[in-house]
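Visitor: Would you mind keeping the following structure in view while I ask a few things?
The values are calculated or read from the model by the stated rules, or taken from the named source; none is laboratory data. Just so it is clear, the structure is predicted and the values come from calculations on it, not from any experiment. Here Cβ is always computed from backbone atoms with ideal geometry, including for glycine, and neighbour counts include all displayed protein chains. Please note that ligands, DNA and RNA were not included when accessible areas were found on the heavy atoms of the full protein model with its side chains. Shrake-Rupley method; radii C 1.70, N 1.55, O 1.52, S 1.80 Å.
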Amino acid sequence: MRRFKVGLVVKKCAFLLGCLIIAVTAYAESGDQTAEAISEESHFRVSYKAQYDPVPLNQIHPWVLHVEDMEGNLVEKAVVTVDGGMPAHNHGLPTEPVATELGGGDYLIEGIKFSMTGSWEMWFYIQTETITDKVKFELEM
Amino acid sequence: MFNTRMIRLISFHRYLYALFVCWLLFNNVAYAADSSEWDEVELSILKMQWIGSLPAPPPDPSNQVADNIDAARFGHKLFFDSRFSSGGKVSCATCHVPEKSFTDGLAKAEGVGTTMRGTPSIIGVAHSPWFFWDGRSDSLWAQALSPLESDVEHGGNRMQYAHIIYNDADYRKSYQNIFGPLPNLGDHDRFPKNAAPNGNADAKSRWNAMTETDRNDVTRVFVNMSKAIAAYERLLMPSASRFDEYVAATLQGDNSNALTNDEIAGLKLFIGKAMCVTCHQGPLFTNHGFHNVGAPDPASKKSWIPFLSFFKDKPLFDVGRYKGVKEAQASEFNCLGEYSDANESDCAEIKFANTKYLATLGAFKVPTLRNISATAPYFHFGQFATLSEVLDHYNKTPEDVVGHNELTELKLSNNELAQLEAFLHSLTSPPAITAELLSAPD
Ligand SMILES: [Cu+2]
């Protein structure tokens with residue numbers, strides 16, 4: 001006679017549900033090529049565009065960061081520095097990306113690389129003559 | 001009219017019916033979650049790990065002859081030729097033994113002396129942007145220079161090697177066809193028998209007595225021979241394993257007997273709960289990155305002040321990538337140096353490499369897991385003799401002796417560990433090149 005394994009069934013249901021959730025989130029977030037965010041202290045409206053869509057794994061590639069103030073004026077001559085990593089794994093970026101100003105509120109960020117699957121954060125520190133603020137982007141690779 | 005008894009009876013029937021439907025449903029679900037069934041996400045990961053997703057190795061702009069077949073044939077001969085050593089006994093193949101997936105079965109390699117770390121497999125290595133456990137070289141050719149002049153590996157010197165090529169009619173012809181004329185090495189006043197900038201005192205003083213042009217010419221020969229060896233190594237790719245056969249069938253929606261149920265369960269853990277795939281990712285089962293997985297350091301038994309170790313020149317502990325990345329950036333043989341054929345714009349890896357200690361301390365290169373059955377012992381010092389010891393380490397995840405272990409405890413059961421191990425044994429396959437290129441040429 002076949003035994004009714006309640007524990008097993010419950011586990012398997014939970015597993016399937018889990019997979020479904022993972023599938024849905026992965027679909028929604030997988031390495032967006034562009035995104036927009038407001039800086040932490042609401043000084044800047046910042047967007048990025050990665051060179052590739054979706055953002056590639058394990059390949060060094062540039063982003064263009066676009067910075068405006070909250071009134072929509074282009075933010076020029078800012079000093080931009082880059083940091084990031086995977087908080088869940090306690091490690092930073094595999095590279096040290098470098099920013100150069102392109103003009104028109106655009107900044108070229110060279111040397112970005114994501115070396116593993118999972119949740120990544122990219123932090124951009126934006127410093128003008130009067131304001132220092134930072135903005136965070138989250139990416140699911 | 002229903003009396004209460006009937007109501008009870010009906011509801012009891014309903015109850016039974018509901019139970020029956022539930023049973024059917026659960027049974028179906030249980031069936032669907034059988035370990036050989038994969039959902040969309042899992043299938044996409046399987047495809048990512050599958051050998052069919054392995055592209056040709058990325059171009060190496062720092063090596064003009066990287067994909068030159070004549071250079072690869074020449075490099076094949078050099079790889080197996082033990083004349084390129086101080087005592088005539090050591091070749092690359094002494095430690096990178098083809099039958100052992102180009103490893104040697106030892107915790108520390110034995111050349112002319114004993115190396116500090118163990119020999120990694122070089123199958124698929126051309127896909128990596130960094131070489132050595134600590135990534136202290138940024139190209140295959142730059143990597144090859146280092147064992148050739150190491151006093152514990154080949155033990156010889158570049159001047160000696162240039163003479164060997166010059167004096168061997170077959171080598172001289174191959175070399176000149178590929179790289180152009182050799183300097184006039186027959187002139188023994190200008191070119192002594194042994195000389196190198198980093199050899200013993202004798203070899204060093206003879207090297208310093210040479211003209212700068214002659215020194216550069218000899219170094220150029222040394223670099224070119226390594227570029228030929230690199231061209232050969234670029235051919236060392238894996239063929240399909242049982243795992244790949246299974247994935248190929250599964251992606252087509254076919255059933256496959258290529259893996260046993262235990263192996264399939266292990267694969268499921270590998271890409272799921274055990275999260276191995278976050279680092280051992282892609283068809284070569286490595287993301288080519290550097291990570292700290294809390295590898296035990298034998299030196300930790302000798303000292304209780306690990307913290308101080310990385311401030312020293314010769315750290316007590318193996319600090320891994322922390323030191324390796326600096327060595328790569330300082331090397332005259334890196335992508336940006338004069339012996340590289342690349343433009344500056346081709347050198348993003350070395351230009352943008354992360355050198356911060358938080359990202360690099362105690363981090364080591366993620367090794368390929370292809371042919372892992374054949375490459376014991378494991379980890380950079382051969383710390384673990386068997387795969388079950390490796391898995392036990394991952395399951396417990398101790399803190400690292402120098403840096404910070406990125407992983408967290410897995411808490412897998414013994415049965416799950418056994419399944420993972422079973423799966424790892426399904427990754428074995430011979431290299432995808434002709435037998436002729438896998439052994440010493442006649
Ligand atoms: Cu990570």
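Visitor: Ignoring solvent entirely, what values of log10 I(q)/I(0) come out of the Debye formula for the range B:57-140 at 0.20 Å⁻¹ when each Cα is a single scatterer?
Guide: So the normalised log intensities work out to -1.12.
Visitor: Could I ask something else about it? Arranged from highest to lowest average of other beta-carbon atoms within 10 Å per residue, in what order do the peptides B:205-215, B:157-167, A:45-55 appear? Spell out each step's value before the answer.
Guide: On the way: B:205-215: 14.1, B:157-167: 21.9, A:45-55: 17.4.
Those peptides, ordered most packed to least, come out B:157-167, A:45-55, B:205-215.
Visitor: Please name which of B:A209, A:L57, A:Y107 has its Cα lying farthest along the dipole of the protein assembly as shown towards the positive end, using unit charges on Cβ (Lys, Arg +1; Asp, Glu -1) and the Cα centre as origin.
Guide: A:L57
Visitor: I've got another one for you. Largest first and to the nearest Å, give the Cα extent of the protein assembly as shown along each principal axis.
Guide: 122, 68, 51
Visitor: Output needed: percent of Cα pairs per 5 Å distance bin for the range A:32-140, bins running from 0 to the one holding the longest distance.
Guide: Per 5 Å bin, starting at 0, the Cα pair percentages come out as 2, 13, 25, 27, 18, 10, 5, 1.
Visitor: Within a Cβ distance under 13 Å of B:P377, other residues only, what is the Lys/Arg minus Asp/Glu net charge? If you can, show how the numbers build up before the last one.
Guide: Numbers: positive: B:K100, B:K108, B:R117; negative: B:D104, B:E389.
Taking every other residue near B:P377 into account, the sum is +1.
Visitor: Counting just the Cα atoms, what span does the range B:213-260 cover along each of its three principal axes? Round to the nearest Å and put the largest first.
Guide: 65, 18, 9
Visitor: Let me ask something else about it. What nm distance separates the two modelled labels at B:K326 and B:R172, each placed 7 Å from Cα along Cα→Cβ?
Guide: Going from the B:K326 label point to the B:R172 one covers 4.5 nm.
Visitor: Probe radius 1.4 Å, ligands and nucleic acids left out: can you give me the accessible area buried at the A-B interface, summed over both chains, in Å² to the nearest hundred?
Guide: Values: alone 9100 and 22250 Å², together 28910 Å².
Separately minus together, A and B give about 2400 Å² buried.
Visitor: Quantify, in whole percent, the carbon and sulfur part of the accessible surface of the range B:335-442 (1.4 Å probe; protein heavy atoms only). Can you show the working numbers first?
Guide: Working: 2670 of 4920 Å².
That share works out to 54 percent.
Visitor: Let me ask something additional. Give the average, rounded to an integer, of partner chain Cβ atoms located within 10 angstrom of each Cβ in B:350-356. Provide the component values of the computation, followed by the final result.
Guide: On the way: counts 0, 6, 11, 6, 11, 2, 4.
Average neighbour count from other chains, rounded to a whole number: 6.
Visitor: In what order, largest first, do B:D67, B:D254 sit by accessible area if the probe radius is 1.4 Å? Provide the component values of the computation, followed by the final result.
Guide: On the way: B:D67 120, B:D254 80 Å².
Descending order: B:D67, B:D254.
Visitor: Net charge around B:Q329, counting only other residues with Cβ within less than 10 Å of its Cβ (Lys, Arg = +1; Asp, Glu = -1)? Please report the intermediate quantities before stating the final value.
Guide: On the way: positive: B:R136, B:K326, B:K351; negative: B:D138, B:E327.
So the environment of B:Q329 carries a net charge of +1.
Visitor: For the range B:140-295, what are Rg and Dmax over the alpha carbons, in angstrom?
Guide: Reported Rg and Dmax, both Å: 24.0, 71.
Visitor: If you count, for every residue in B:37-44, the Cβ atoms of partner chains within 10 Å of its Cβ, what is the mean?
Guide: Details: counts 1, 1, 7, 6, 8, 3, 0, 3.
Mean partner shielding for this stretch: 4.
Visitor: Quick one: plug the Kirkwood hydrodynamic radius of the range B:69-236 (C-alpha pairs) into Stokes-Einstein at 25 °C, 0.890 mPa s, and report D in µm²/s. Don't jump to the answer; show the numbers that get you there.
Guide: On the way: Rh = 16.2 Å.
Result for D is 152 µm²/s.
Visitor: Here's a follow-up. If the chain between A:D69 and A:E138 were fully stretched, how many nm would it gain, using 0.36 nm times the residue separation less the Cα-Cα distance? Could the numbers behind the result be given before it?
Guide: Details: separation 69, 0.36 × 69 = 24.84 nm, distance 2.09 nm.
Extending this stretch completely gives an extra 22.7 nm.
Visitor: For the protein assembly as shown, give me the percentage of DSSP beta bridges that are antiparallel, rounded to the nearest 5 percent.
Guide: Details: 49 of 51 bridges.
That works out to approximately 95 percent antiparallel.
Visitor: Note down the net charge around B:P57, summing +1 for each Lys or Arg and -1 for each Asp or Glu among other residues with Cβ under 12 Å from its Cβ.
Guide: On the way: positive: B:R234; negative: B:D60, B:D67, B:E233.
Here the charged neighbours net out to -2.
Visitor: For the pairs B:K77/B:K351; B:K47/B:K268; B:K173/B:K204, flag any whose C-alpha to C-alpha distance is greater than 24 Å. The partial results should precede the final answer.
Guide: Numbers: B:K77/B:K351 34 Å; B:K47/B:K268 13 Å; B:K173/B:K204 29 Å.
Table pairs above 24 Å Cα-Cα are B:K77/B:K351; B:K173/B:K204.
Visitor: Between the range B:196-261 and the range B:94-164, what is the separation of their alpha carbon centroids in Å?
Guide: Taking the Cα centre of the range B:94-164 as reference, the centre of the range B:196-261 is 9 Å away.
Visitor: May I pose another question? Beyond 29 Å, what share of the Cα-Cα pairs of chain B remains, rounded to the nearest whole percent?
Guide: Cα-Cα pairs in chain B separated by more than 29 Å: 54 percent.
Visitor: Mind checking A:88-99 for the average number of partner chain beta-carbons within 10 Å of each residue's beta-carbon?
Guide: Neighbouring Cβ atoms belonging to other protein chains average 6 per residue here.
Visitor: Quick check on my link table: of A:K49/A:K113; A:K113/B:K356; B:K273/B:K396; B:K108/B:K273; B:K100/B:K323; B:K323/B:K356, which ones sit more than 21 Å apart, alpha carbon to alpha carbon? If you can, show how the numbers build up before the last one.
Guide: Values: A:K49/A:K113 14 Å; A:K113/B:K356 15 Å; B:K273/B:K396 15 Å; B:K108/B:K273 33 Å; B:K100/B:K323 29 Å; B:K323/B:K356 10 Å.
Violating the 21 Å limit, Cα to Cα: B:K108/B:K273; B:K100/B:K323.
Visitor: Can you compute the helix-only [θ] at 222 nm over the protein assembly as shown? Use -39500 (n - 2.57) per DSSP H run of at least 4 residues, normalise by all residues, nearest 500 deg cm²/dmol.
Guide: Working: 18 runs with 205 residues, N = 583.
Calculated from helices alone, the mean residue ellipticity at 222 nm is -11000 deg cm²/dmol.
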